[in-house]
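So the structure is just underneath, and the comments pick up after that.
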Amino acid sequence: MALRRSYSLSGLLSRLSFSSSRGRACVSPILTTQQRNQSNKIKVDFDQSTGVAVMHMQSPPVNSLSLDFLTEFCISVEKLEMDKGCRGLIITSGQPKVFSAGLDILEMYGKSPEHYAEFWKAVQEMWLKLYSSNMVTVAAINGSSPAGGCLVALTCDYRIMADNPRYSIGLNETQLGIVAPFWFKDTLVNVVGHRNTEISLQLGLLYNPLDALKIGLVDQLVPEDQILAAATQTMSKWLAIPEHARQLTKSMMRLPTVDKLRANREADIQNFVGFVTKESIQKSLRMYMEMLKQRKA
């Protein structure tokens, strides 16, 4: 029987270091005997026989990227990077119909500038750890994935999406009156090219799975009940490549984009804080939250 384990985050919080990611690659078949982390926001199952971990995002109702969620996410990725036996990571959702709805609006309303800065640094850190990871990373997108949720998927080496026309994916920030940061834009350009990015970002487009496949935003569509099996199969192909050569090639392709954010990280944080603290933006966020409350009533 394959040895499987779930990571607990207790004891790691004090060791979280926001350093560049280092690691390996891999993916595993269907995993069992899963256990939950104490936080219940992130669950990681690692199959030592394959060297593949599966990360389940499970923060109800829609896996919003809150500060707590991002912190746990980064810790989980960092621990996998430090485990020499782990060579690959599949990221998927434990919530129905949604991969991740993106940034948590509550982290951007009614807080101090210091809080906004801490939150944005955590968003940056999530991207840096995944985008520069030495592990093979596969996004198993089993639900809608707008804005920040799309960014999580874009950081991965390969994206498989459930073939359900009710699901959507894209960087739709302009629809909310927000400008996607330069590193969101750069990541999308690296995936779908400059012209598709220009159209997507200006119009704030959300694509159904078929249209996302047509522009290269996702790499493969499969029936929803087959998404983890497809991710596992894809992972095995990537892991068959000599690891050192694959890692160096990935770094060569991605390092300029990573270095650009690292060189401008503080300025990017200050730009975010300056934007989100504007009275007009706070008013818009308040109106949006009130609208959501009325929908739930």
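Are any residues in segment 59-94 small (Gly, Ala, Ser) and part of a helix (DSSP H, G or I), and if so, which ones?
Selection gives Ser76 alone.
So Val52 fits all but one of (1) within 11 Å of the chain's Cα centre (by Cα); (2) within 30 Å of Glu243 (Cβ to Cβ); what number is the exception?
Result: Val52 passes all but (1).
Would you be able to tell me the number of residues in segment 179-236 that are among the aromatic types (Phe, Trp, Tyr), in contact (Cβ under 8 Å) with a residue 40 or more places away in the chain and in contact with a helix residue (DSSP H, G or I) (Cβ under 7 Å, 6 or more places away or on another chain)?
Of the residues in segment 179-236, 1 are among the aromatic types (Phe, Trp, Tyr), in contact (Cβ under 8 Å) with a residue 40 or more places away in the chain and in contact with a helix residue (DSSP H, G or I) (Cβ under 7 Å, 6 or more places away or on another chain).
Can you name every residue in segment 243-294 that is surrounded by 10 or more Cβ atoms within 10 Å (Cβ to Cβ), over 16 Å from Glu125 (Cβ atoms) and polar (S, T, N, Q)?
Gln247, Thr249, Ser251, Gln270, Asn271, Thr277, Gln282, Ser284
Of the numbered conditions (1) under 16 Å from Ser133 (Cβ atoms); (2) among the charged types (D, E, K, R); (3) touching a residue at least 40 places away in the same chain (Cβ under 8 Å), Asp259 fails exactly one; give the number of that condition.
(3) is the only condition that Asp259 fails.
Do you know which residues across segment 149-167 are of a type in the set (Lys, Arg) and either free of Cβ contacts under 8 Å to residues at least 60 places away in the same chain or crowded, with 24+ Cβ neighbours inside 10 Å (or both)? So that I can check it myself, show each step before the final result.
Looking only at segment 149-167, we keep the residues that are of a type in the set (Lys, Arg), and these are 159, 166.
Within segment 149-167, just Arg159 meets the criteria.
Out of the residues in segment 154-184 that are charged (D, E, K, R) and under 15 Å from the mean Cα position of the chain (by Cα), state the one that is farthest from Leu128 (Cα to Cα).
Among residues in segment 154-184 that are charged (D, E, K, R) and under 15 Å from the mean Cα position of the chain (by Cα), the one farthest from Leu128 (Cα to Cα) is Arg159.
Please verify whether Leu205 is in contact with a strand residue (DSSP E or B) (Cβ under 6 Å, 6 or more places away or on another chain) and surrounded by fewer than 19 Cβ atoms within 10 Å (Cβ to Cβ), treating the condition exactly as stated.
no
Considering Lys237, Lys214, which residue is farther than 22 Å from Met55 by Cα and in a helix (DSSP H, G or I)? Outline the logic, then answer.
Working: Lys237 fails: farther than 22 Å from Met55 by Cα.
After ruling out the rest, the residue left standing is Lys214.
Taking segment 168-180 only, how many residues are surrounded by fewer than 24 Cβ atoms within 10 Å (Cβ to Cβ) and among the hydrophobic types (A, V, I, L, M, F, W, C)?
Here the count works out to 4.
Listed here are the residues, each with its yes/no results for (1) surrounded by fewer than 19 Cβ atoms within 10 Å (Cβ to Cβ); (2) among the acidic types (Asp, Glu); (3) in contact (Cβ under 8 Å) with a residue 60 or more places away in the chain.
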residue	(1), (2), (3)
Leu70	no, no, no
Val77	no, no, no
Ile90	no, no, yes
Ile105	yes, no, yes
Glu114	yes, yes, no
Ala122	no, no, no
Lys129	no, no, yes
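Look at Lys260 and say whether it is farther than 23 Å from Thr187 by Cβ and assigned to a helix (DSSP H, G or I).
The answer is no for Lys260.
Return yes or no: is Lys237 over 20 Å from the mean Cα position of the chain (by Cα) and basic (Lys, Arg)?
Yes: the conditions hold for Lys237.
How many residues are farther than 16 Å from Glu107 by Cα, of a type outside the set (A, V, I, L, M, F, W, C) and within 27 Å of the chain's Cα centre (by Cα) if we restrict to segment 275-294? Spell out the reasoning first.
Of all residues in segment 275-294, those farther than 16 Å from Glu107 by Cα come to 280, 291, 293-294.
So of that shortlist, the ones also of a type outside the set (A, V, I, L, M, F, W, C) come out as 280, 293-294.
Checking which are within 27 Å of the chain's Cα centre (by Cα) leaves us with 293.
Final tally of qualifying residues: 1.
Take the conditions at pLDDT 95 or above, under 18 Å from Thr257 (Cα atoms) and surrounded by 19 or more Cβ atoms within 10 Å (Cβ to Cβ) and apply them to Lys185. Does it pass?
No; evaluated as a whole, the condition is false for this residue.
What pairs come out if I take residues in segment 276-297 that are β-branched (Val, Ile, Thr) and pair them with residues that are outside any helix (DSSP H, G or I) whose C-beta lies under 8 Å away, six or more apart or interchain?
Note: pairs meeting the criteria are Ile281/Gly177.
The values are calculated or read from the model by the stated rules, or taken from the named source; none is laboratory data. Owing to the predicted nature of the structure, the values given are computational and were not obtained by experimental measurement. Cβ coordinates were reconstructed from backbone atoms using ideal geometry, including for glycine residues, and neighbour counts include every protein chain displayed.
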